[in-house]
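Step one of this worksheet: look at the structure below.
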Amino acid sequence: MKKFLTIIGMVAIISSSYAGVNDTLKLFSDEEKSTVQQKISELEEKRKLHIHVNTLPTEEGFSVEDPEKVIILNIKKDENGKGKIELNFSRDIDVEEYQEDINLILSEAESSLINGKMGEYSLEVLDGIDSILDNINIEDPITVQEEISEDEKINIFGGITIAFFVIFGIIIRVLRIQKRRKETRAQNKNSQLNK
(Lines give C-alpha, C1' and ligand atoms only; values in the text may rest on other atoms or scores of the structure.)
Protein backbone atom coordinates (compact mmCIF):
# COMPACT_ATOMS: atom_id res chain seq x y z
CA MET A 1 0.00 0.00 0.00
CA LYS A 2 2.87 2.38 0.84
CA LYS A 3 4.49 1.66 -2.53
CA PHE A 4 1.22 2.46 -4.29
CA LEU A 5 0.89 5.82 -2.51
CA THR A 6 4.56 6.61 -3.17
CA ILE A 7 4.13 5.94 -6.88
CA ILE A 8 1.03 8.16 -7.03
CA GLY A 9 2.95 10.93 -5.24
CA MET A 10 5.89 10.70 -7.65
CA VAL A 11 3.60 10.80 -10.68
CA ALA A 12 1.86 13.88 -9.26
CA ILE A 13 5.19 15.64 -8.70
CA ILE A 14 6.52 14.77 -12.15
CA SER A 15 3.33 15.68 -13.98
CA SER A 16 3.01 19.03 -12.25
CA SER A 17 6.00 20.43 -14.02
CA TYR A 18 6.03 24.20 -14.09
CA ALA A 19 7.08 26.64 -16.76
CA GLY A 20 10.43 28.28 -16.31
CA VAL A 21 14.02 27.14 -15.86
CA ASN A 22 14.46 23.51 -14.82
CA ASP A 23 18.24 23.22 -14.44
CA THR A 24 18.68 19.51 -13.73
CA LEU A 25 22.34 19.52 -14.82
CA LYS A 26 23.17 22.72 -12.87
CA LEU A 27 24.59 24.47 -15.95
CA PHE A 28 23.21 27.92 -15.05
CA SER A 29 24.71 30.19 -12.42
CA ASP A 30 22.17 31.60 -9.95
CA GLU A 31 22.34 34.97 -11.72
CA GLU A 32 21.83 33.40 -15.18
CA LYS A 33 18.94 31.32 -13.92
CA SER A 34 17.28 34.40 -12.44
CA THR A 35 17.77 36.44 -15.63
CA VAL A 36 16.40 33.68 -17.87
CA GLN A 37 13.47 33.11 -15.51
CA GLN A 38 12.66 36.83 -15.67
CA LYS A 39 12.78 36.75 -19.50
CA ILE A 40 10.49 33.70 -19.52
CA SER A 41 8.00 35.48 -17.25
CA GLU A 42 8.01 38.54 -19.52
CA LEU A 43 7.42 36.42 -22.65
CA GLU A 44 4.71 34.35 -20.98
CA GLU A 45 2.89 37.51 -19.96
CA LYS A 46 3.33 39.10 -23.39
CA ARG A 47 2.49 36.03 -25.48
CA LYS A 48 0.06 34.22 -23.15
CA LEU A 49 1.93 30.93 -23.42
CA HIS A 50 4.20 28.67 -21.32
CA ILE A 51 7.96 28.41 -21.82
CA HIS A 52 10.22 25.72 -20.37
CA VAL A 53 14.02 25.89 -20.50
CA ASN A 54 15.51 22.60 -19.31
CA THR A 55 18.96 21.12 -18.88
CA LEU A 56 18.79 17.34 -19.07
CA PRO A 57 20.95 14.27 -19.62
CA THR A 58 20.87 13.24 -23.29
CA GLU A 59 18.82 10.11 -22.66
CA GLU A 60 16.05 11.94 -20.76
CA GLY A 61 13.03 13.64 -22.24
CA PHE A 62 10.65 16.34 -21.05
CA SER A 63 6.94 16.64 -21.65
CA VAL A 64 4.08 18.65 -20.25
CA GLU A 65 0.66 17.50 -19.18
CA ASP A 66 -1.30 20.03 -21.23
CA PRO A 67 0.63 20.73 -24.47
CA GLU A 68 -1.16 23.89 -25.59
CA LYS A 69 0.62 27.19 -26.13
CA VAL A 70 3.93 25.68 -25.00
CA ILE A 71 7.54 26.21 -26.07
CA ILE A 72 10.22 23.86 -24.74
CA LEU A 73 13.97 24.46 -25.06
CA ASN A 74 15.95 21.40 -23.95
CA ILE A 75 19.71 21.72 -23.51
CA LYS A 76 21.00 18.15 -23.25
CA LYS A 77 24.44 16.80 -22.36
CA ASP A 78 25.90 13.34 -21.86
CA GLU A 79 28.74 12.21 -19.55
CA ASN A 80 31.32 13.06 -22.24
CA GLY A 81 30.08 16.65 -22.49
CA LYS A 82 28.53 16.17 -25.93
CA GLY A 83 25.45 18.32 -26.27
CA LYS A 84 22.19 18.38 -28.12
CA ILE A 85 19.58 21.13 -28.42
CA GLU A 86 15.86 20.50 -28.82
CA LEU A 87 13.43 23.33 -29.48
CA ASN A 88 9.79 22.22 -29.53
CA PHE A 89 6.58 24.14 -30.13
CA SER A 90 3.10 22.82 -29.31
CA ARG A 91 0.88 22.12 -32.32
CA ASP A 92 -1.14 25.30 -31.88
CA ILE A 93 2.00 27.38 -32.58
CA ASP A 94 2.50 26.85 -36.31
CA VAL A 95 6.17 27.59 -37.03
CA GLU A 96 6.50 25.50 -40.18
CA GLU A 97 6.99 28.55 -42.43
CA TYR A 98 9.64 29.94 -40.08
CA GLN A 99 11.86 26.86 -39.69
CA GLU A 100 14.76 28.52 -41.53
CA ASP A 101 14.52 31.55 -39.23
CA ILE A 102 14.51 29.26 -36.18
CA ASN A 103 17.58 27.40 -37.47
CA LEU A 104 19.33 30.75 -38.00
CA ILE A 105 18.51 31.85 -34.43
CA LEU A 106 19.91 28.59 -33.03
CA SER A 107 23.09 28.77 -35.11
CA GLU A 108 23.73 32.46 -34.24
CA ALA A 109 23.39 31.68 -30.53
CA GLU A 110 25.64 28.62 -30.80
CA SER A 111 28.85 30.51 -29.92
CA SER A 112 27.42 31.33 -26.47
CA LEU A 113 26.58 27.66 -26.00
CA ILE A 114 30.08 26.56 -27.01
CA ASN A 115 31.59 29.04 -24.53
CA GLY A 116 29.43 27.58 -21.74
CA LYS A 117 27.30 30.71 -21.35
CA MET A 118 23.96 28.96 -20.88
CA GLY A 119 22.15 32.08 -19.71
CA GLU A 120 23.31 34.16 -22.66
CA TYR A 121 22.46 31.32 -25.07
CA SER A 122 18.95 30.91 -23.63
CA LEU A 123 18.28 34.66 -23.76
CA GLU A 124 19.41 34.87 -27.41
CA VAL A 125 17.15 31.97 -28.36
CA LEU A 126 14.18 33.39 -26.41
CA ASP A 127 14.65 36.84 -28.01
CA GLY A 128 14.75 35.22 -31.44
CA ILE A 129 11.62 33.20 -30.72
CA ASP A 130 9.88 36.36 -29.54
CA SER A 131 10.61 38.11 -32.83
CA ILE A 132 9.27 35.11 -34.80
CA LEU A 133 6.10 34.98 -32.70
CA ASP A 134 5.25 38.50 -33.94
CA ASN A 135 4.38 36.86 -37.28
CA ILE A 136 2.60 33.78 -35.97
CA ASN A 137 -1.06 33.45 -35.14
CA ILE A 138 -1.33 31.15 -32.13
CA GLU A 139 -4.57 29.24 -32.36
CA ASP A 140 -6.90 29.17 -29.40
CA PRO A 141 -7.77 25.64 -28.35
CA ILE A 142 -11.17 24.42 -29.48
CA THR A 143 -13.45 23.78 -26.52
CA VAL A 144 -16.42 21.54 -27.01
CA GLN A 145 -19.16 21.86 -24.45
CA GLU A 146 -21.99 19.41 -24.18
CA GLU A 147 -25.09 19.33 -22.11
CA ILE A 148 -25.22 16.21 -19.98
CA SER A 149 -28.74 14.97 -19.40
CA GLU A 150 -29.94 13.83 -15.96
CA ASP A 151 -29.94 10.19 -17.10
CA GLU A 152 -26.29 10.47 -18.20
CA LYS A 153 -25.38 12.10 -14.88
CA ILE A 154 -27.00 9.23 -13.00
CA ASN A 155 -25.21 6.67 -15.21
CA ILE A 156 -21.85 8.40 -14.71
CA PHE A 157 -22.37 8.63 -10.95
CA GLY A 158 -23.50 5.00 -10.83
CA GLY A 159 -20.40 3.89 -12.75
CA ILE A 160 -18.12 5.84 -10.43
CA THR A 161 -19.88 4.38 -7.38
CA ILE A 162 -19.54 0.82 -8.70
CA ALA A 163 -15.85 1.37 -9.52
CA PHE A 164 -15.26 2.74 -6.02
CA PHE A 165 -16.87 -0.27 -4.35
CA VAL A 166 -14.99 -2.72 -6.58
CA ILE A 167 -11.66 -1.08 -5.75
CA PHE A 168 -12.58 -0.88 -2.07
CA GLY A 169 -13.52 -4.57 -2.12
CA ILE A 170 -10.20 -5.51 -3.71
CA ILE A 171 -8.27 -3.53 -1.10
CA ILE A 172 -10.22 -5.20 1.75
CA ARG A 173 -9.59 -8.63 0.22
CA VAL A 174 -5.84 -7.99 -0.11
CA LEU A 175 -5.64 -6.76 3.49
CA ARG A 176 -7.48 -9.88 4.73
CA ILE A 177 -5.15 -12.16 2.82
CA GLN A 178 -2.13 -10.37 4.27
CA LYS A 179 -3.60 -10.67 7.78
CA ARG A 180 -4.21 -14.42 7.34
CA ARG A 181 -0.66 -14.93 6.10
CA LYS A 182 0.73 -13.13 9.15
CA GLU A 183 -1.45 -15.22 11.47
CA THR A 184 -0.39 -18.42 9.71
CA ARG A 185 3.28 -17.48 10.02
CA ALA A 186 2.83 -16.67 13.71
CA GLN A 187 1.09 -20.03 14.30
CA ASN A 188 3.87 -21.87 12.45
CA LYS A 189 6.52 -20.13 14.55
CA ASN A 190 4.64 -20.95 17.77
CA SER A 191 4.21 -24.61 16.79
CA GLN A 192 7.92 -24.87 15.96
CA LEU A 193 8.89 -23.30 19.29
CA ASN A 194 6.60 -25.70 21.21
CA LYS A 195 8.27 -28.74 19.60
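Overview of results
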quantity	calculated
Test for Glu65: is it of a type in the set (Asp, Glu) and touching a residue at least 12 places away in the same chain (Cβ under 8 Å)	yes
Residue list for the range 88-105, filter: part of a helix (DSSP H, G or I) and open to solvent by 40 Å² or more (accessible area, probe 1.4 Å)	Glu96, Glu97, Tyr98, Gln99, Glu100, Asp101, Asn103, Leu104
Identity of the residue in the range 52-87, out of contact with any Pro (no Cβ under 9 Å at 6 or more places or on another chain) and within 19 Å of Asn137 (Cα to Cα), that ends up most open to solvent (accessible area, probe 1.4 Å)	Pro67
Count of the range 86-107 residues which are in contact with a helix residue (DSSP H, G or I) (Cβ under 7 Å, 6 or more places away or on another chain) and not aliphatic (A, V, I, L, M)	2
Odd one out for Ile40 among (1) outside any helix (DSSP H, G or I); (2) modelled with pLDDT of 90 or more	(1)
Residue in the range 19-51 that is farthest from Ile136 (Cα to Cα), counting only those that are open to solvent by 50 Å² or more (accessible area, probe 1.4 Å) and β-branched (Val, Ile, Thr)	Thr24
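The values are calculated or read from the model by the stated rules, or taken from the named source; none is laboratory data. The structure presented is a predicted model; accordingly, all values stated were derived computationally and were not measured. Reconstructed Cβ throughout: ideal geometry from the backbone, glycine too, with neighbour counts over all protein chains shown. Ligands, DNA and RNA are stripped out before the accessible areas are found, and what is left, the full protein with its side chains, is counted by its heavy atoms. Shrake-Rupley method; radii C 1.70, N 1.55, O 1.52, S 1.80 Å.
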